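One structure is given here, and the rest of the page talks about it.
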Amino acid sequence: MNIWQPEPGETLLARGDVTFATGEAMRVKGMRWFRDTERKDIQNELPGWPEGPVYTNRSDGSSVARTVGKGGLMAVGGIFMAVLSAAGGNLSGGAFGDSGSDTPDDRADEVDDFPVMWAAPGTLARTLPWQLDPGRTDDKHYRTHAIVTDRRLVIVGLPYYKKDSSRIEDEVLWETPRSNISKVDPRDFKDGRDFQLTFIDGSWCRMRSISRAKVIRHLDPSLELIPVESLSQAQKDAVAQFLATARAPDLAEPFITRRPCGHYRAEALVPSELDAFFGANFRDLKMNADGSKVEYTDYHPEDL
């Protein structure tokens, strides 16, 4: 076991699966591109990257894709599906009910093209590791995780053993200080698993995660960590009660965040439940300023 650990005084906030996203509209289904700011393909310019798939997007119902290089993958789609979905409509709905959207937010980048990297020369997005690309790795045997702390974002890679997902052998692939992240935005077309991470130099990447909610809420640059000692006595009592009833024998030290809506969130990771597929598990409590529990009917989007 080789589990990544934060430095002394550094707070681990979240860990979840992450890869570059994949197109869902039929013109770009199963595809992704790495672009400069003039929309030119730059994957052959990225330092240290092995050869990977080269895609041609479909148009007007055609289904054309070619792959080259080691590990190239063939992108194939049905013509009748392309006709129905050429405009970007979702035929089956989001994978998590209302979490997805049938309507693209940006047709140019979600239907006509599907960049997962947008980066001028010398920008931060170009330094991201190639292991994030599903076209260059095999997720049946290898996973990439995003680890978020109060100081930095770290990308690790690890072998995946389906019969033993508790086996963790982390390799650090990339990291950057949180101060290099300017914003993080959910992208809901189509299944609600994507998000766009924008860096301070204007470059960005589009990621996908089954664990999107826990990853992006802790990547939000406006995240405010609250020292436990600064809580009111009622809030401290609520946190103590939460920890006592959390049903996990090895809870990590809890951390407190204040959401933009004014609600507080107490959260504690569970080391024994770390999973090579999904990442870290946690227990949490959402409470008001007076220490009372926030009922589900009173949740705000930022609480999730």
Please indicate, with yes or no, whether at least one residue in region 13-31 is assigned to a loop (DSSP other than H, G, I, E, B), hydroxyl-bearing (S, T, Y), out of contact with any Leu (no Cβ under 7 Å at 6 or more places or on another chain) and at pLDDT 95 or above.
-> yes
Kindly indicate whether G262 is assigned to a loop (DSSP other than H, G, I, E, B) and either within 23 Å of the chain's Cα centre (by Cα) or at pLDDT 85 or above (or both).
-> no
Conditions (1) touching a Gly at 6+ places or on another chain (Cβ under 9 Å); (2) loosely packed, with under 14 Cβ neighbours inside 10 Å; (3) among the charged types (D, E, K, R) -> R143 fails only (2)
Does A238 meet the test of being at pLDDT 90 or above, exposed (fewer than 12 other Cβ atoms within 10 Å of the Cβ) and hydrophobic (A, V, I, L, M, F, W, C)?
-> no
Scanning region 169-221 residue by residue, those of a type in the set (A, V, I, L, M, F, W, C), part of a loop (DSSP other than H, G, I, E, B) and surrounded by fewer than 19 Cβ atoms within 10 Å (Cβ to Cβ) turn out to be I200, I210
How many residues does region 28-58 hold that are over 11 Å from R126 (Cα atoms), crowded, with 19+ Cβ neighbours inside 10 Å and of a type in the set (S, T, N, Q)?
-> 1
Go through E229, E267, E253 for me and flag whichever is over 24 Å from P159 (Cα atoms), over 20 Å from the mean Cα position of the chain (by Cα) and not in a loop (DSSP other than H, G, I, E, B).
-> E229
Residues within region 222-235 that are polar (S, T, N, Q) and crowded, with 19+ Cβ neighbours inside 10 Å, tallied = 1
Which one of A246, A266, A280 is surrounded by 16 or more Cβ atoms within 10 Å (Cβ to Cβ), more than 20 Å from K236 (Cα to Cα) and among the small types (G, A, S)?
-> A280
May I ask you to verify whether T245 is free of Cβ contacts under 8 Å to residues at least 24 places away in the same chain and in contact with a Ser or Thr (Cβ under 7 Å, 6 or more places away or on another chain)?
-> no
Quick one: what pairs do we get from region 210-239, first residue without any contact (Cβ under 8 Å) to a residue 60 or more places away in the chain, second in a loop (DSSP other than H, G, I, E, B) and crowded, with 17+ Cβ neighbours inside 10 Å, C-beta under 6 Å, 6+ apart or different chains?
-> A234/G291; Q235/G291; A238/G291
Tally of residues being in contact (Cβ under 8 Å) with a residue 60 or more places away in the chain, assigned to a loop (DSSP other than H, G, I, E, B) and of a type in the set (K, R) across region 129-158 = 2
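The values are calculated or read from the model by the stated rules, or taken from the named source; none is laboratory data. Everything numeric here is computed off the predicted structure, so don't read it as measured data. Cβ atoms come from the backbone with ideal geometry, glycine included; neighbour counts cover every protein chain shown.
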